[in-house]
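All remarks here apply to the structure that follows.
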Amino acid sequence: MPEIKLIASDLDGTLLLDGAQDLSEDTCGLIREVCVKRGIIFFAASGRQYYSLKRLFAPIRDEIGYICENGCVNYYHDVELFKQVFSRDLAEEAIAEVLNFRDVEVMVSGDEFVYLQPKNPKFLPYMRDFVKYNAKAVPRISDIQEDFMKVAIFEEGGVSDETRRYFHGKFDSRATVVTSGNEWLDIIPKNANKGVALEKVLERLGISPDECLALGDSGNDLEMLSLVKYPGTVESASDDIKQQVRIITDTVENLLRKFIG
C-alpha cells in the first residue's frame, strides 16, 4: 500500500452500504487498528451532523476526526478546525422556499441541534430515533437566533428531478446545492464542500494531499476525491465516480485490511 497519513471516507453509499444506519463493532475495531498499527488518521466525511457522527462511531468517537455537514464544519479531538455559515437573509430565504415547496421537509443545521418545522409528524421521530440526530421541532425555524450552516431538503423515497431543478435554479448562483444520499438535497454556503474542508484539515495537521486517501461514491464527494493523490470508491458507485478515482474496492473494510495485512 502507498504511504498514507490520513484516510477520509464518506459514509452513506461508501462506508455504509445498502441503506445501513449503523457501523458494526468490527468496522470500528478495524479503523482503530489501522490508526494504531499504521499511525494513520481517520476522518469521517459526511453530510451528517457532528453529534450524530459521534454516536455512529461511538467505540472510537474520540480517536477519529469529522468533516460534517458536507464540509461546513470540521472537528478533530473535539476541537473545531473550520466552519462556514450562511448569511441570515439567504438562510431564511432557503428555509421559506423549502417550506413552500410541496411534500418535502426542511432541516436546518445549527451548532448543537438540527431544527425541523415538520409537515409530517413522523419526520421528527425519524430524525431523532432512526437517524439519531440531536433534532428539535420548532414552530418557526426562522425565530431561532443562531448561525445556520446548512438548509437541507428531505424527500421521502428519493429527491426528484423536479425538486433538484427547482432548488438549483433558485440558489446555484448564491450557494452550493448538492445531493447528499438518495433522499437529501443540501443547500450550503457558496464554495463549501468536502474538498475545501479536507484541504483545511490537511493544512492544520501538516499533511500533504499526496499523503491522503479519500473515499466517496457521489457528487458531493468529487471535490474531496479530486484533491488527493489517492481517490477511491466502492464497486456500487456510479460509472461517473469510478472514472474519477484510482482505487475501487468492494467494501471500505476490505481496503482498510490491506493496511494491516
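The values are calculated or read from the model by the stated rules, or taken from the named source; none is laboratory data. Predicted model only: the values in this text are computed from it and were never measured. Because the Cβ atoms are built from the backbone with ideal geometry, glycine has one as well, and the counts that use them run over all protein chains shown. Remember, those area values only see protein heavy atoms, side chains included, never the ligands or the DNA or RNA. Shrake-Rupley method; radii C 1.70, N 1.55, O 1.52, S 1.80 Å.
Which whole-number percent gives the relative contact order of the range 74-219, counting Cα pairs below 8 Å spaced six or more residues apart?
22
Stretch R128-D103 to full length: gain in nm at 0.36 nm per residue minus the Cα-Cα span?
7.0 nm
If you average the alpha carbon positions of the range 199-243 and of the range 159-187, how far apart do those two centres end up, in angstrom?
Centre-to-centre distance over Cα atoms comes out at 22 Å.
Charges at C-beta only: +1 for Lys and Arg, -1 for Asp and Glu. How large is the resulting dipole of the range 118-261 about its Cα centre, in Debye rounded to 20?
Around 380 debye, computed over the range 118-261.
Given only helices, namely DSSP H runs of n ≥ 4 each adding -39500 (n - 2.57), what is the per-residue ellipticity at 222 nm of the chain, to the nearest 500 deg cm²/dmol?
-8000 deg cm²/dmol
Using +1 on the beta carbon of Lys and Arg, -1 on that of Asp and Glu, and nothing else charged, what's the dipole of the chain about the Cα centre, debye to 20?
So the magnitude is around 380 debye.
How tilted is helix 88-99 with respect to the longest principal axis of the chain? Cα atoms for both, answer in degrees (0 to 90, nearest 10).
80
Using r as the Cβ-Cβ distance of L17 and E156, and R0 as 22 Å, what FRET efficiency do you calculate, to the nearest 0.05?
0.60
Quick one: dipole size for the range 11-105, taken about the Cα centre, charges +1 on Lys/Arg Cβ and -1 on Asp/Glu Cβ, in debye to the nearest 20.
Approximately 420 debye in magnitude.
Treating the angle as unsigned and between 0 and 90°, give the value, to the nearest 10°, between the Cα long axis of helix 194-205 and the longest Cα principal axis of the chain.
Computed tilt is about 50 degrees.
Evaluate E = 1/(1 + (r/R0)^6) for R257 and E80, where r is the Cβ-Cβ distance and R0 equals 30 Å; express this FRET efficiency to the nearest 0.05.
It comes out at approximately 0.40.
5 Å is the cut-off here: which amide hydrogens, built 1.01 Å from N in the peptide plane, fall below it relative to F113, excluding neighbours closer than 5 in sequence?
none
Any chance you could run the full-extension gain for D210 through E63? It's 0.36 nm times the residue separation minus the Cα-Cα distance, nm to one decimal.
The D210-E63 span can extend by a further 50.7 nm.
Give the average over all directions of the projected area of the C-alpha convex hull of the chain, one decimal, in nm².
12.9
Report the accessible area of S24, computed with a 1.4 Å probe over the heavy atoms of all protein chains in place, in Å² rounded to the nearest 10.
That residue has around 60 Å² of solvent-accessible surface.
Given a cut-off of 23 Å, name the pairs among K150/K194; K170/K229; K136/K194; K190/K242; K5/K229; K54/K136 whose C-alpha atoms lie farther apart than that in the structure shown.
Distance filter (> 23 Å) returns K170/K229; K136/K194; K190/K242.
Just want to confirm a number: the relative contact order over the chain, from Cα pairs under 8 angstrom separated by 6+ residues, in percent.
21
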